[in-house]
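Take a look at the structure below.
Read-outs: derived from the displayed coordinates by stated rules, not from any lab. Given the structure is predicted, the values throughout are model-derived calculations rather than measurements. Quick reminder, even Gly has a Cβ in these numbers, built from the backbone with ideal geometry, and neighbours come from all protein chains shown.
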């Protein structure tokens with residue numbers, strides 16, 4: 001079956017769609033470009049479908065490549081048969097291929113290797129096929145004595161080593177253990193012997209000190225927690241199967257209706273194989289598969305959370321005061337213009353130990369008046385609620401103009417502030433100022449600011465440090481790429497970091513674009529991009545439609561209409577767009593229906609930002625503390641994180657409240673992401689308050 005046919009089957013789409021889409025990918029077109037501007041070719045596949053197709057395409061190509069490598073290796077050993085070749089051809093997964101290859105895979109010198117070197121393979125075959133009562137295995141073993149095999153028992157032991165290795169490499173026997181694991185397998189954990197100074201660190205794993213759970217039902221977040229505890233030397237982890245039953249089943253398979261004389265030898269070899277080779281190998285395989293599945297789920301959760309976080313609605317045309325709270329070193333304060341330009345920076349001390357509340361208020365009031373501040377963004381790191389109380393009190397003193405504040409997730413701000421990007425943006429300011437600027441800008445344009453930070457540091461996932469970092473980075477980068485290209489980028493205001501995520505533009509070219517603008521002035525047309533160093537014709541085709549030029553020479557340059565479709569757009573832009581018969585017009589203009597629909601949509605709302613449809617952050621004027629709460633109280637809050645076991649919701653107090661998965665919906669749900677996503681505004685009811693640990697339990701049941 002060809003790769004095209006396999007992909008069509010897996011994705012449940014037409015083979016012609018797959019074939020044409022694969023051709024586009026192989027030509028070097030990006031997924032965002034294909035999704036937006038080649039809908040007629042792909043049959044209107046979404047960016048999500050295209051990402052899946054690309055992923056499976058790479059998998060199937062790697063599978064075919066591996067098959068070729070395995071065939072070549074077995075042929076070089078002169079052990080290839082027609083049956084083996086057919087089995088490899090039919091293999092549908094990499095694991096299937098490796099199962100077939102296992103007996104032929106070059107390995108280190110083993111006990112079985114030594115036994116074969118000593119000429120004991122015929123004796124192993126004799127034991128396996130023994131069926132004559134009058135013959136005797138010990139007598140047969142005498143025939144194989146030599147310099148390295150001095151007794152009949154030595155010969156039998158060597159033969160059993162060969163049989164044990166054959167058993168461990170037999171796919172049918174491996175499948176017995178896999179089947180057992182799927183049906184009744186358990187994972188067990190216990191506390192390891194740890195030194196006294198590790199006891200305090202071990203407390204977080206207390207629930208796993210004497211724990212067991214079914215392999216088929218253990219959730220991903222517990223797998224990652226167990227793995228971490230094991231890695232830190234605090235937990236011992238084992239997979240538990242029905243060992244004795246499995247040993248008897250394998251031995252029975254090997255010795256069906258043969259002489260009872262050879263059964264003890266078969267059973268001993270099976271028992272040795274199971275304990276020394278087969279089970280350890282399958283246990284490792286099971287643990288690896290559990291980990292891969294758990295990591296994949298954690299990465300998916302992170303990616304699912306990241307998209308709405310990146311796509312948060314911007315608060316445009318607002319001067320913002322950014323506050324990065326702290327205790328001893330004070331609260332870093334900046335004011336940034338409507339376009340994110342740094343206007344002012346200083347330090348105030350609203351919290352302990354100085355607790356200069358009056359002075360802090362005076363400074364903020366003065367700056368609000370001087371710069372026309374409309375919003376205050378407070379980072380949620382150290383001392384945010386102490387700072388929030390002072391801000392809230394100060395805002396109540398303002399007469400006339402209404403100024404609000406919001407709490408901002410500052411994850412990654414410190415990384416940005418010390419990064420090369422941060423230093424290049426603000427070479428004359430220290431890390432504290434850069435961090436506060438990042439906090440302020442995250443309210444004005446979350447996407448433009450967050451792309452300056454590695455996505456994994458943004459803080460909207462779970463166990464991100466415990467998963468495959470390469471897979472995590474690749475997945476999250478694709479999410480950011482899709483978001484950036486979905487929104488579009490202002491060519492004259494975008495940073496190199498933002499431009500580097502645009503289809504067809506790499507980091508070098510993104511810097512060249514900014515350098516070109518600085519040398520020649522703002523871009524007035526998309527066509528000028530062709531003059532940028534390193535941006536060739538192919539890159540221009542890929543990126544042009546995603547770059548916007550407000551107030552440029554051509555109004556189409558501020559839309560998602562691609563330059564290749566300008567002629568079509570010009571023919572309809574003066575018509576009544578609501579009165580166009582799209583089918584007839586598409587035929588008349590010789591353009592595909594999806595493309596014409598997109599052009600009309602863009603002409604109706606030029607420069608539209610899709611993030612405008614996203615929920616705006618909750619803006620506050622007063623502050624809550626845990627003492628203001630009571631059970632049964634209903635509040636609105638912002639979803640800060642979605643994890644396997646629930647939602648963390650900011651309700652305006654120091655710590656986010658938790659809506660456990662069992663309290664999210666009146667109906668059964670498999671995962672919290674079915675109901676809510678990061679940045680959603682949700683209504684919650686307080687169901688528990690633990691003042692000692694500053695924890696609040698929330699419920700969304702019965703609320704809309």
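In table form, for the structure just shown:
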quantity: Net lengthening on full extension, residue 397/residue 694 (0.36 nm per residue, minus Cα-Cα); calculated: 104.0 nm
quantity: Shape of region 3-104, Cα gyration tensor, a/c cut at 1.5; calculated: prolate
quantity: [x] 34.6, 109; [y] 32.7, 110; [z] 28.2, 92, with the label sought being that of the calculated Rg and Dmax of the Cα atoms in Å; calculated: [y]
quantity: MRE, 222 nm, helices only [DSSP H, n ≥ 4, -39500 (n - 2.57), over the chain, to nearest 500]; calculated: -14000 deg cm²/dmol
quantity: Cα-based Rg of region 217-260 normalised by 2.2 N^0.38 Å, two decimals; calculated: 1.96
quantity: Residue exposure sequence - 477, 466, 324 - by fewest surrounding Cβ within 10 Å; calculated: 477, 466, 324
quantity: Rounded tilt (10° steps) of 243-254 against the dominant C-alpha axis of the chain; calculated: 50
quantity: All-pairs Cα distance distribution in region 145-247, expressed in whole percent, bin size 10 Å; calculated: 13, 29, 22, 19, 13, 4
quantity: DSSP bridge orientation in the chain - percent antiparallel, rounded to nearest 5; calculated: 75
quantity: Relative contact order (%) - region 3-104, alpha-carbon pairs under 8 angstrom, separation at least six; calculated: 21
quantity: Principal-axis tilt of helix 220-231 within the chain, Cα atoms, nearest 10 degrees; calculated: 70
quantity: Alpha carbon centroid spacing (whole Å) that separates region 467-533 from region 110-160; calculated: 69
quantity: 668, 173, 279 arranged by Cβ crowding within 10 Å, fewest neighbours leading; calculated: 668, 279, 173
quantity: Helix axis angle, 507-520 relative to the chain longest principal axis, alpha carbon, degrees; calculated: 20
quantity: Euclidean distance of C-alpha centroids, region 13-77 and region 640-704, integer Å; calculated: 40
quantity: Gap separating the Cα centres of region 567-618 and region 354-433, nearest whole Å; calculated: 41
quantity: Computed over the chain: relative contact order in percent, which uses C-alpha pairs under 8 Å that are six or more apart; calculated: 10
quantity: Computed over region 320-488, Kirkwood Rh from alpha-carbon pairs, angstrom; calculated: 16.7
quantity: Largest-first principal axis extents of the Cα set of region 626-699 (Å); calculated: 33, 21, 20
